[in-house]
Structure formats: C-alpha cells, structure tokens
Amino acid sequence: MALEMNASERPRERLVARGPEALKTEELLAILFGTGREGCNVIEMSRELLNKYGSLKNLSRAHALELAGRSRPCDSVKGVGLAKAVTLLAALELGRRAADEEERRDDLKSRLEFWARQLSADEREFIIAIYLDRKDVPIADERLSYGGVGGAVLDVPYLMRRAVRLNCAALVLVHNHPDGDLTPSDDDLFLSRSVARMLQVLQIGYYGHYIAGGGGIRRIPGDGSTGKDVVLNAAAVKQ
C-alpha cells in the first residue's frame, strides 16, 4: 500500500488553495499520476522520476514505452506504467502547444524564435523552410527533411517546386544541430549557397540560412542570402 499524505499536503488540495504556480514540479507530476506505489507515495515517486531524467525537457524527449519500462527497464521508475507515461507526455505536449500559441506571430522574427524553441529538444536534424510573401510576411512553414543525429538531406528540387507553387516572394531555411553547436559545417555553407543560386534563377528572394540548437539560433555568415539580417531577441541568439 502506498503511504498516505495528510489532506493539507496533497497536491490537488494545495493547487485549489494556492494555484498551480505554488506547487513544485514533483507535486504537479503527482497530480497527473494520481497514485504512487507500495511503500512510496505519489510525490516521492514523481520526484524519483524527475531525478532520473533530470528535467522536464528530458522527460518530453522520452517515448511512452521507455517511461513505462517496456523498452529499457533501467530507464523506468517502478509504479510508472504505460497509463501514467501517456498522461505525462500528453500534458507536456499540451504545455508546449500552449507556449507555441502564445508566441506564434505573423512575422519572420517570431517564426525564427519559434523554431529555435521548437527544435531545442530534438535529437535528430531537421530542415525547415519558411516561405514569405511580397510584404515579408510568412505564409507557410514546412519541415522538408527528417534526418538522423548525423545530418539531414534536403530535397532541393522539391523545395524549388514548393516555393513556386506557393507563389512566395522569398524564403528562409532553418536547420538544427542537436548538439547545440551553432557553427556551420562546410556542407551547410555549400548547401546554402547552392540554394541561393537556384532561387536567384527563379527570381525568389533568399533571406538566409539559420542554424538552431540549444534554444539559440544564428544565421550562417556568407550563406549567399539577399535579405537583411533579422534582429532576434537576445534569449534566442546563442553567442
């Protein structure tokens, strides 16, 4: 039997009385889980899970089967089964989407900062295109490539066709480095300059190639772009 807590110590009652911002992270997790395990109340079990993964960001990267011990038992915490794991990941995803809705605005600066946050926890490389109209307002974002930890490959002909079909006036490329290093590789520079030349033939503007990682984002110097630099928030720019 799990250890019982006094009514005044229960996270649900504390949230009602003081609001969610007054609760510790393990108490919020405890509300999602509802119950602990034999000999361990739900707050202690939640704290154990949080300590094992180190942060909510790391928890959000985990698969439900991993959290539940179905794939690698060493990554799980006793008492956290598949139902609890699914509930946790759903709550983390809702939080991420709420933050996205709050920050999403119709300008290039906000889209770049959005992708800096969106890609910060990804362990694979992705390539994203942001398409702009003649007033430099984003009209569409698209993940063009799903790569591995070693890189992603861009389907350049598809990018060109897509840009023409959308009748965009300009576009921006963004890709992430999962290790957080914003230094461009020789391949990054070659790709960027090749895209710039092709877009020039199509008379479509090229407003830069940005690298995202670790929550930061930086434009590649000498990327062949024709657009001016976008002034980003300091929090989104990793020096």
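The values are calculated or read from the model by the stated rules, or taken from the named source; none is laboratory data. Keep in mind that this is a model prediction, so the values were computed, not measured. Glycine also receives a Cβ, built like all others from the backbone with ideal geometry; neighbour counts cover every protein chain displayed. With ligands, DNA and RNA removed, areas are computed over all heavy atoms of the protein, side chains included. Shrake-Rupley method; radii C 1.70, N 1.55, O 1.52, S 1.80 Å.
Structural remarks
- Hey, LEU199 assigned to a helix (DSSP H, G or I), touching a strand residue (DSSP E or B) at 6+ places or on another chain (Cβ under 6 Å) and open to solvent by less than 10 Å² (accessible area, probe 1.4 Å) or not: yes
- Here ARG162 meets the list (1) in contact (Cβ under 8 Å) with a residue 12 or more places away in the chain; (2) not in a helix (DSSP H, G or I) almost entirely, failing just condition (2).
- For segment 185-196, filtered to residues that are in a helix (DSSP H, G or I) and without any contact (Cβ under 8 Å) to a residue 12 or more places away in the chain, the residue that is surrounded by the most Cβ atoms within 10 Å (Cβ to Cβ) is PHE190.
- Of the residues VAL172, VAL80, the single one that is touching a residue at least 24 places away in the same chain (Cβ under 8 Å) and closer than 15 Å to GLY205 by Cα is VAL172.
- The numbered conditions (1) acidic (Asp, Glu); (2) at pLDDT 90 or above; (3) open to solvent by less than 50 Å² (accessible area, probe 1.4 Å) are all true for ASP75 except (2).
- For GLY180: the one exception among (1) assigned to a loop (DSSP other than H, G, I, E, B); (2) surrounded by 17 or more Cβ atoms within 10 Å (Cβ to Cβ): (2)
- When residues of segment 18-28 are limited to those that are farther than 15 Å from LYS84 by Cα and touching a residue at least 12 places away in the same chain (Cβ under 8 Å), the one surrounded by the fewest Cβ atoms within 10 Å (Cβ to Cβ): THR25
- Residue list for segment 29-39, filter: buried (at least 17 other Cβ atoms within 10 Å of the Cβ) and of a type outside the set (A, V, I, L, M): PHE33, GLY36, ARG37
- Count of residues meeting criterion [crowded, with 17+ Cβ neighbours inside 10 Å and outside any loop (DSSP other than H, G, I, E, B)] in segment 114-140: 13
- Filtered by the rule that a residue be assigned to a loop (DSSP other than H, G, I, E, B), of a type in the set (A, V, I, L, M) and either open to solvent by 50 Å² or more (accessible area, probe 1.4 Å) or at pLDDT 90 or above (or both), segment 202-239 gives LEU202, ILE204, ILE220, VAL231.
- Within segment 40-67, if we keep just the residues that are crowded, with 17+ Cβ neighbours inside 10 Å and part of a loop (DSSP other than H, G, I, E, B), the residue that is modelled with the highest pLDDT turns out to be ASN41.
- Among the residues examined, ALA152 does not qualify as open to solvent by less than 50 Å² (accessible area, probe 1.4 Å), over 24 Å from HIS63 (Cβ atoms) and not β-branched (Val, Ile, Thr).
- LEU132 being more than 20 Å from the chain's Cα centre (by Cα) and in contact (Cβ under 8 Å) with a residue 24 or more places away in the chain: yes
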